[in-house]
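First the structure, in the form of structure tokens, and then the observations on it.
The values are calculated or read from the model by the stated rules, or taken from the named source; none is laboratory data. The shown structure was predicted, so the numbers you read here are calculated from the model rather than taken from an experiment. Cβ: placed from backbone, ideal geometry, glycine included. Neighbour counts: every protein chain shown.
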Amino acid sequence: MVDSKMSEKNKRLPTTAAQAVEMLLSELSIEEKTRIANMSKDNLVDLHFSLGMYIRNSFKLWAGNSELLELCRSLSGKEYLHIDDASLIIIKELWKKLQEVDLLRVVK
């Protein structure tokens with residue numbers, strides 16, 4: 001789904017969901033954005049092993065980006081949040097942002 005390496009301009013880690021979404025928007029191709037925009041919210045979990053893994057690794061959720069992890073925990077309203085769930089929260093925020101772009105959604 002996303003190129004396995006982040007570009008040099010995006011080396012700084014995001015500390016908010018909005019920053020993470022903006023970084024993803026700059027990395028995703030138009031085809032990937034369109035695919036995500038046209039997914040149902042319930043099917044976003046299908047991105048766990050592709051985009052979710054990219055988020056967990058690139059944004060270092062496994063390796064110390066506690067600010068972003070804590071923000072995701074806060075957004076979830078849960079006392080404990082697994083890293084997998086944190087990446088899904090970011091995917092959902094990305095999906096919401098993509099819903100605002102009419103050109104990416106298929107008109108039915």
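Name the pairs whose Cβ atoms lie under 6 Å apart, with the first residue in region 91-108 and within 9 Å of Ala37 (Cα to Cα) and buried (at least 16 other Cβ atoms within 10 Å of the Cβ), the second at pLDDT below 90 and not β-branched (Val, Ile, Thr), and 6 or more positions between them or separate chains?
From region 91-108, the pairs are Leu98/Leu104.
Hey, Met39 hits all of (1) farther than 15 Å from Lys96 by Cα; (2) modelled with pLDDT of 95 or more; (3) over 12 Å from the mean Cα position of the chain (by Cα); (4) not charged (D, E, K, R) but one; which does it fall short on?
Among (1) farther than 15 Å from Lys96 by Cα; (2) modelled with pLDDT of 95 or more; (3) over 12 Å from the mean Cα position of the chain (by Cα); (4) not charged (D, E, K, R), Met39 violates only (1).
Assess whether Ser29 counts as being exposed (fewer than 12 other Cβ atoms within 10 Å of the Cβ) and without any contact (Cβ under 8 Å) to a residue 12 or more places away in the chain.
Answer is yes for this residue.
Looking at (1) over 22 Å from Arg12 (Cα atoms); (2) out of contact with any Cys (no Cβ under 8 Å at 6 or more places or on another chain), find the lone condition where Leu51 falls short.
The failed condition is (1).
Considering only region 36-70, state which residues are farther than 12 Å from Ile91 by Cα and in contact with a helix residue (DSSP H, G or I) (Cβ under 9 Å, 6 or more places away or on another chain).
Asn38, Ser58, Phe59, Lys60, Leu61, Trp62, Ala63, Leu68, Leu69
Look through Leu44, Leu75 and report the one residue that is under 23 Å from Arg12 (Cβ atoms) and touching a residue at least 40 places away in the same chain (Cβ under 8 Å).
The unique qualifying residue is Leu75.
Select from region 55-69 the residues that are under 15 Å from Thr16 (Cβ atoms) and over 15 Å from the mean Cα position of the chain (by Cα) and write down the one among them that is surrounded by the fewest Cβ atoms within 10 Å (Cβ to Cβ).
So the residue we want is Ser66.
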